[in-house]
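The values are calculated or read from the model by the stated rules, or taken from the named source; none is laboratory data. Note that the structure is predicted; figures quoted are calculated from it, not measured. Because the Cβ atoms are built from the backbone with ideal geometry, glycine has one as well, and the counts that use them run over all protein chains shown. Heavy atoms of the whole protein, side chains included, go into the accessibility calculation; ligands, DNA and RNA do not. Shrake-Rupley method; radii C 1.70, N 1.55, O 1.52, S 1.80 Å.
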Amino acid sequence: MATPIRYAVDLDDRTQHLVRIRLHVPADLAPGGRIVLPVWTPGSYVVRNYVHHVQWITATDADGHDLALELDTLTSWRLPADARGEVTVDYELYANELTVRTNHVDDHHALLIPAATFCYVEGGEDRPHEVHLPAPAGERVFSLLPPGASDDTYVAEHRDHLVDSAFEVGDHPFVDHEVAGVPHRFVWSGHGGRPDLDALAGEIEAIAGAAIELFDGELPIETYTFLCTGWDQGGGGLEHRDGSVLQIPVRAFQDPDLLARFQSLIAHEYLHLWNVKRLVPAALVRPDYEHPTRSQSLWVAEGWTAYYDELLPLRAGVWTVRRFLDTLRDTHQRVVGDTPGVGLQPLRRASMEAWTKHYVRDENSPNVMTDYYGHGALVAGELDLRLRAADPEGDGLDEVFRLLWSRHAYHEAGYTEADVLDAVATIGGDDLAALVETRVATPVAPQLEDAVAAVGLTFTEQEGPVPPWLGATTQDADTGVTITSVLRDGPAWTAGVTGGDRLVAVDGRTVARGELTAVLLTHEAGDLVELAVTRGPRLLRLPVTLGAPRPGRRLEAVSQPTPAQQGAFRRWTSRPHDEVRS
Ligand SMILES: [Zn+2]
C-alpha cells in the first residue's frame with residue numbers, strides 16, 4: 001500500500017495567530033515533487049490568496065539536510081529532482097481571519113480550514129491523508145474526520161476528503177445527540193452568547209427530520225458535526241462532507257430575528273449533505289484546487305438549497321407560517337424590486353460568473369448581477385408552486401429533488417443542468433421544463449404573483465403611509481445614513497448620487513440615523529428636493545425628483561381558499577392553511 005501523506009499541526013504560538021505545519025512527503029513522491037496550496041475552497045467560489053499567509057516554507061531530507069525548495073507557480077513549490085528518502089516540508093501560516101473559509105487561531109481557539117492549511121503533494125491525492133493534532137491542555141480537538149490508530153491523529157481517505165473536513169480546537173461547549181440513529185454534534189466556539197444547547201439540539205433534530213423526509217427517509221451519513229463560531233458581526237456557512245462550519249453574530253441567541261436566520265443557516269448547510277455533497281454538480285466532482293472551476297448549476301446547488309432552508313424550518317415547526325411568508329416576501333422584494341441586474345444577467349450566467357461577480361461585490365453590484373441564491377430560490381419556489389397547481393395532490397418540487405437524488409446521487413459524473421431539466425420534465429411535463437429553461441437562460445424575474453394561488457395565497461399591498469421612492473438602498477451609519485447602492489435609472493441614479501455617498505440632508509433638513517423614511521414622508525412623488533451628500537472630501541448638492549411610492553407587500557391568504565388550495569398548502573408546508581392568518 002502507498003505510504004500515506006502525513007501532517008503534524010503545531011499550535012504553540014497561536015496567541016500570535018501562528019500555525020506551523022510539518023508535511024511528510026513520502027520517499028516515492030519526493031524527487032521533483034510538487035507541493036501545492038489550494039487557491040479556493042469548494043462551496044466558496046472565489047480565488048483566495050491563502051498563500052499570502054505563508055510566512056516561510058523549508059524542506060529537509062531524511063538526514064536533516066536542507067533542500068532547495070523552488071517556487072513553482074504562485075501557490076506551489078518544487079522539491080529537488082535528486083531528493084532522496086522521505087522529505088519533511090515545514091511552513092508557518094498567519095491565521096487571523098475569522099470566516100468559514102479562512103483560518104483563525106488565537107488564545108481562545110483554532111479554526112482550521114483545510115484548503116487554507118494543508119499543502120497537498122501532487123501525485124499523492126488518492127492516498128490516505130493523516131493529521132496529527134494534539135489538543136492543548138484542557139482543550140479538545142473537534143474534527144470532521146474519524147480518528148486514526150495512533151493518538152491525536154485523524155485520517156482522511158484521500159486529499160479531497162481532507163479538504164472537506166475542517167478542525168476546531170478549544171475548550172468549547174458542545175452537545176451530542178442522535179438523529180435517526182446517527183450521531184450528531186454541535187460545537188459552539190463563539191465568545192459567550194450563552195446558547196441553550198439542548199434546545200438547539202431539539203431544533204436540529206426537527207429540521208433534520210424534515211430534510212430526511214424530503215429525501216424519502218434516507219440519511220446518507222455516519223456522523224454529522226456542526227462547528228459553529230461567533231463574532232461581533234458577520235455570518236455564513238460552508239458545507240463539508242460530514243458536517244459544516246457556521247459563523248453567526250454572538251448575540252444571535254438573544255435576538256429572535258438573528259436566531260431565525262441561524263435556524264435557516266442550519267437547514268441550509270444540512271441540506272448540502274444531500275444537495276452538493278452527494279448529489280454533485282458535474283463541474284465540482286473532482287475539483288481543481290489550483291484553478292477556478294465554473295459550474296452552470298449553482299442556481300440548483302445553492303438556489304434550491306436556499307429555497308428549502310426556509311421551507312424546512314417551517315415544516316419542522318421551528319418557524320411560524322408568518323415568518324416563512326415574510327421571509328419569502330423579502331427575498332422577492334430584494335430580487336425583483338431592488339436588483340436591476342436581474343434584467344441584465346441571466347441566472348445561468350450568474351452561476352458561471354460567481355467567481356467574478358457574486359463573490360466580488362461593490363456598490364454597483366445590484367445593477368449588473370443577480371444573486372443565484374435568492375433568485376435561484378424564487379425560481380425553485382415558482383416551479384414548486386406551478387407543480388402543485390398542476391397536481392394539488394402531488395409533492396411539487398420535492399418529487400423532482402427525489403428523482404434527481406435517485407438518478408444522480410453518488411454518480412461519478414455528477415449531474416448537469418440537462419439532468420435537472422429532464423427531471424422537471426418527467427414530473428411536471430415539457431412545458432414546465434421549458435419555463436424553467438427560460439427563467440435560467442434569459443434575464444427575467446421569476447413570476448410568483450399568480451403562482452402563489454396554488455396554495456391559497458395572494459400578494460397584498462402593505463397598509464400605512466409609504467414615502468416617495470428614492471431609488472437607492474441605504475444603511476444607517478453611526479451618525480446619519482449611508483447610500484449603499486444606487487439603482488440604475490432610478491431617481492437617485494438620474495440625479496448623480498453614487499453608492500458609498502453619505503446622505504447628510506434632504507432639502508436642508510439633516511437626516512439622522514433611522515430618520516430617512518420619516519424625512520421622505522414629508523415629501524411627495526414628483527417633488528424636486530435637494531440631497532446634500534458627502535463623497536470623500538467633497539460636499540455635493542444634488543437636485544432629485546422623487547419617484548412614485550413603492551408600497552411594501554405581504555403574502556396573505558385568499559379570502560375563500562378552496563379545499564384543493566388548503567390541501568396543497570398543507571402538503572407544501574406541513575401546516576394548516578389557517579395559520580396564514582395567525
Ligand atoms: Zn450553500
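Surrounded by fewer than 17 Cβ atoms within 10 Å (Cβ to Cβ) and not charged (D, E, K, R), is that true of Ala434? Judged against the criteria, Ala434 is a match.
Do you know which of the residues in segment 180-208 that are in a strand (DSSP E or B) and open to solvent by 10 Å² or more (accessible area, probe 1.4 Å) is nearest to Ser244 (Cα to Cα)?
Quick first cut of segment 180-208, residues in a strand (DSSP E or B) only: 182-188.
In the following step, the residues that additionally are open to solvent by 10 Å² or more (accessible area, probe 1.4 Å) were identified as 182-183, 185.
Working: Val182: 16, Pro183: 15, Arg185: 11 Å.
So, considering only residues that are in a strand (DSSP E or B) and open to solvent by 10 Å² or more (accessible area, probe 1.4 Å), the one nearest to Ser244 (Cα to Cα) is Arg185.
What do you reckon, is Glu382 under 23 Å from Glu310 (Cα atoms) and either open to solvent by 10 Å² or more (accessible area, probe 1.4 Å) or at pLDDT 95 or above (or both)?
yes
Just to check your reading of the model, which residue among Glu382, Glu412, Glu437, Glu399 is assigned to a loop (DSSP other than H, G, I, E, B) and of a type in the set (D, E, K, R)?
Numbers: Glu382 fails: assigned to a loop (DSSP other than H, G, I, E, B); Glu437 fails: assigned to a loop (DSSP other than H, G, I, E, B); Glu399 fails: assigned to a loop (DSSP other than H, G, I, E, B).
Of Glu382, Glu412, Glu437, Glu399, the one residue that is assigned to a loop (DSSP other than H, G, I, E, B) and of a type in the set (D, E, K, R) is Glu412.
Does Gly148 satisfy the condition of being under 27 Å from Glu122 (Cβ atoms) and surrounded by fewer than 19 Cβ atoms within 10 Å (Cβ to Cβ)? For Gly148, the condition - under 27 Å from Glu122 (Cβ atoms) and surrounded by fewer than 19 Cβ atoms within 10 Å (Cβ to Cβ) - is met.
In segment 479-506, which residues are part of a loop (DSSP other than H, G, I, E, B), open to solvent by 30 Å² or more (accessible area, probe 1.4 Å) and over 17 Å from Arg538 (Cβ atoms)? Of everything in segment 479-506, those that are part of a loop (DSSP other than H, G, I, E, B), open to solvent by 30 Å² or more (accessible area, probe 1.4 Å) and over 17 Å from Arg538 (Cβ atoms) turn out to be Thr479, Arg488, Asp489.
Here's the yes/no breakdown for (1) surrounded by fewer than 20 Cβ atoms within 10 Å (Cβ to Cβ); (2) away from the ligand (no atom under 13 Å from the Cβ); (3) in the same structural domain as Asp164 (by TED's automatic domain parsing); (4) at pLDDT below 95:
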{"position": "Gly234", "(1), (2), (3), (4)": "yes, yes, no, yes"}
{"position": "Asp242", "(1), (2), (3), (4)": "yes, yes, no, no"}
{"position": "Ser264", "(1), (2), (3), (4)": "no, no, no, no"}
{"position": "Asp288", "(1), (2), (3), (4)": "yes, yes, no, no"}
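Among the residues of segment 290-318, the ones that are within 30 Å of Leu74 (Cα to Cα) and away from the ligand (no atom under 13 Å from the Cβ) come to 6 in all. Checked against the criterion of being surrounded by 15 or more Cβ atoms within 10 Å (Cβ to Cβ) and without any contact (Cβ under 8 Å) to a residue 60 or more places away in the chain, segment 68-76 contains one or more residues that satisfy it. In this structure, Val175 does satisfy being open to solvent by less than 40 Å² (accessible area, probe 1.4 Å), in a strand (DSSP E or B) and touching a helix residue (DSSP H, G or I) at 6+ places or on another chain (Cβ under 7 Å).
Within the set Arg323, Arg294, the sole residue that is open to solvent by 40 Å² or more (accessible area, probe 1.4 Å), under 24 Å from Gln566 (Cβ atoms), charged (D, E, K, R) and not assigned by TED's automatic domain parsing to the domain that holds Gln233 turns out to be Arg323.
Can you tell me how many residues in segment 251-262 are within 16 Å of the ligand (Cβ to nearest atom) and open to solvent by 30 Å² or more (accessible area, probe 1.4 Å)?
Result for segment 251-262: 1.
State yes or no: is Leu279 open to solvent by 10 Å² or more (accessible area, probe 1.4 Å) and in contact with a helix residue (DSSP H, G or I) (Cβ under 7 Å, 6 or more places away or on another chain)? When the stated conditions are applied, Leu279 does not pass them.
In the set (1) on the phi < 0 side of the Ramachandran plot; (2) touching a helix residue (DSSP H, G or I) at 6+ places or on another chain (Cβ under 8 Å); (3) not in a strand (DSSP E or B), the condition left unmet by Ala81 is number (2).
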